[in-house]
Amino acid sequence: MSRYWSPLLKSLSPYVSGEQPRLPGLIKLNTNELPWGPSEQVLKALRGAADDDLRLYPDPDSSALRRAFAAAVGVLPGQVFVGNGSDEILAHSFQALMQPAAPILFPDITYSFYPVYCGLYGLQQQAIPLREDFSIALEDYRRRNGGIIFPNPNAPTGLLTPLQHIKTLLQNNRDTVVIVDEAYIDFGGESAASLIADYPNLLVIQTLSKSRALAGLRVGAAFGDEELIAGLERVKNSFNSYPLDRLAEAGAVAALEDHDWFVASCARLVNIRDGLLQSLQAMGFEVLPSAANFLFVRHLQHDARTLSEALRERAILVRYFDKPRINQFLRISVGDEDECAQLLQALPEILGSDAL
Ligand SMILES: *Cc1c(COP(=O)(O)O)cnc(C)c1O
């Protein structure tokens, strides 16, 4: 800490992401990236965009990309905002759309960036406990608030909140913005984007980082009423007019246009996930029902931290959270067929005879 730091800077507790070591042979099941690369069309588009035009600034409105998102999601281009990863859009949303007069509500177990943004933008916060079964109790969000945010499916639990419950919340919460963070929606949920025409306070945020295998490209989008989108544009144009570079826009458009790759990739992932779930259950793990590309699991006879360390010794990384309520769980990203087979081979060796 330096004496040159501002009081706000001194008060921040930044987000800590899962580690990204680059060791050969490492099985990385700790950050929910897709285990295989993106569509060939994306790579082609990126190569095509790598030319002398890079001397020019990109389109500040990312018009082509907004049209592509609008077509993919079934909304109007004016109802789309794009950003440099959904994290950036989340940050703009907290600054632009959350109200400081009352606490921002989110689940007690959820994406840990939300409290960080509250700190960055001087917002009050209140964590609402998940139910005993780890589902989000949306009826508990009907209280005074400066905004509501939750992921669907939730992270790190993987549990899906039914669209009907979100609708009920929106019917009962008309005065503040409700943000649904759909980072994992493509692995088993129905997007709330279909509701934006009816609820001018609903903002839905998606990303190409997970289901499109493009975490490295940094592209996300938000869908909502034109006025909400205009609010996000105001913040964007007060911060960075060109958040998406030429390569990102070209690659993202190609990704959204390759529907066949997308459908096949999601189906393959879901198929591996469901097989992994059954195998883990057979080894004595309790596995929460997942609509995402990861499983949240605990073993009744084995300490989670010890398990994660034993896996690490075998070059398999999973995510362990040393937090109340979930410190006996592991979050395991679904790998490819081979990575999951190696995980399923390592686990019985670690668990010993009681796994058999
Ligand atoms: C991965 C993730 C994000 C961030 O995605 P980027 O688009 O890569 O910034 C946002 N929300 C949740 C819940 C996530 O898991």
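Pick out the one residue from Asn145, Asn154 that is buried (at least 22 other Cβ atoms within 10 Å of the Cβ), more than 13 Å from the ligand (Cβ to nearest atom) and part of a loop (DSSP other than H, G, I, E, B).
Matching residue, one of Asn145, Asn154: Asn145.
Scan the range 209-222 and report the pairs whose first residue is assigned by TED's automatic domain parsing to the domain that holds Phe187 and modelled with pLDDT of 95 or more and whose second residue is basic (Lys, Arg) and more than 9 Å from the ligand (Cβ to nearest atom), with Cβ atoms within less than 7 Å and a gap of 6+ or a chain change.
As it stands, the answer is none, since no pair meets every condition given.
Could you go through the range 230-244 and let me know if any residue there is acidic (Asp, Glu) and out of contact with any Lys or Arg (no Cβ under 9 Å at 6 or more places or on another chain).
Taking every residue of the range 230-244 in turn, at least one turns out to be acidic (Asp, Glu) and out of contact with any Lys or Arg (no Cβ under 9 Å at 6 or more places or on another chain).
Here's the yes/no breakdown for (1) within 16 Å of the ligand (Cβ to nearest atom); (2) under 24 Å from Leu76 (Cβ atoms); (3) in a helix (DSSP H, G or I):
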{"residue": "Ile166", "(1), (2), (3)": "yes, yes, yes"}
{"residue": "Thr176", "(1), (2), (3)": "no, yes, no"}
{"residue": "Ser194", "(1), (2), (3)": "no, yes, yes"}
{"residue": "Ile205", "(1), (2), (3)": "yes, yes, no"}
{"residue": "Ala213", "(1), (2), (3)": "yes, no, no"}
{"residue": "Gly216", "(1), (2), (3)": "yes, no, no"}
{"residue": "Leu232", "(1), (2), (3)": "yes, yes, yes"}
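For the range 234-262, which residues satisfy the criterion of being away from the ligand (no atom under 16 Å from the Cβ) and within 18 Å of Gln79 (Cα to Cα)?
Arg234, Val235, Asn237, Val253
State whether one or more residues within the range 266-287 are crowded, with 18+ Cβ neighbours inside 10 Å, at pLDDT 95 or above, in the same structural domain as Gln345 (by TED's automatic domain parsing) and among the polar types (S, T, N, Q).
Within the range 266-287, none of the residues are crowded, with 18+ Cβ neighbours inside 10 Å, at pLDDT 95 or above, in the same structural domain as Gln345 (by TED's automatic domain parsing) and among the polar types (S, T, N, Q).
So which residues in the range 79-124 are near the ligand (Cβ under 10 Å from one of its atoms), within 24 Å of Pro324 (Cα to Cα) and not in a loop (DSSP other than H, G, I, E, B)?
Correct list: Phe113, Tyr114.
Which number in (1) closer than 16 Å to Pro156 by Cα; (2) surrounded by fewer than 16 Cβ atoms within 10 Å (Cβ to Cβ); (3) touching a strand residue (DSSP E or B) at 6+ places or on another chain (Cβ under 9 Å) marks the one condition that Leu300 misses?
The number of the failed condition is (1).
Among the numbered conditions (1) more than 23 Å from the chain's Cα centre (by Cα); (2) closer than 30 Å to Leu170 by Cα; (3) not basic (Lys, Arg), tell me where Gln206 comes up short.
Condition (1) is where Gln206 drops out.
Quick check on Gly74: is it in the same structural domain as Ala252 (by TED's automatic domain parsing) and under 17 Å from Gly220 (Cβ atoms)?
Judged against the criteria, Gly74 is not a match.
Would you be able to tell me the number of residues in the range 17-39 that are free of Cβ contacts under 8 Å to residues at least 12 places away in the same chain, over 28 Å from Val263 (Cα atoms) and under 25 Å from the mean Cα position of the chain (by Cα)?
1
Within the range 210-240, track down each residue that is surrounded by fewer than 23 Cβ atoms within 10 Å (Cβ to Cβ) and of a type in the set (Gly, Ala, Ser).
If the condition is that a residue be surrounded by fewer than 23 Cβ atoms within 10 Å (Cβ to Cβ) and of a type in the set (Gly, Ala, Ser), then Ser211, Ala213, Ala215, Gly216, Ala230, Gly231, Ser238 are the ones that fit.
Given the condition closer than 29 Å to Glu339 by Cα and either part of a strand (DSSP E or B) or touching a residue at least 40 places away in the same chain (Cβ under 8 Å) (or both), answer yes or no: does some residue in the range 54-71 qualify?
So far as the range 54-71 goes, no, none of its residues is closer than 29 Å to Glu339 by Cα and either part of a strand (DSSP E or B) or touching a residue at least 40 places away in the same chain (Cβ under 8 Å) (or both).
Output the number of residues of the range 20-34 satisfying the condition of being more than 15 Å from the ligand (Cβ to nearest atom) and under 15 Å from Ile316 (Cβ atoms).
Residues in the range 20-34 being more than 15 Å from the ligand (Cβ to nearest atom) and under 15 Å from Ile316 (Cβ atoms): 6 in total.
Which pairs turn up if I take residues in the range 178-189 that are within 11 Å of the ligand (Cβ to nearest atom) and look for partners that are of a type in the set (Ser, Thr, Tyr) with beta carbon separation below 7 Å, at least 6 apart in sequence or on another chain?
Between residues of the range 178-189 that are within 11 Å of the ligand (Cβ to nearest atom) and residues that are of a type in the set (Ser, Thr, Tyr), the close pairs are Ile179/Ser93; Asp181/Tyr111; Glu182/Ser191; Ala183/Ser86; Ala183/Thr207; Ile185/Ser191.
The values are calculated or read from the model by the stated rules, or taken from the named source; none is laboratory data. Note that the structure is predicted; figures quoted are calculated from it, not measured. Glycine gets a Cβ as well: all are built from the backbone with ideal geometry, and neighbour counts include every protein chain shown.
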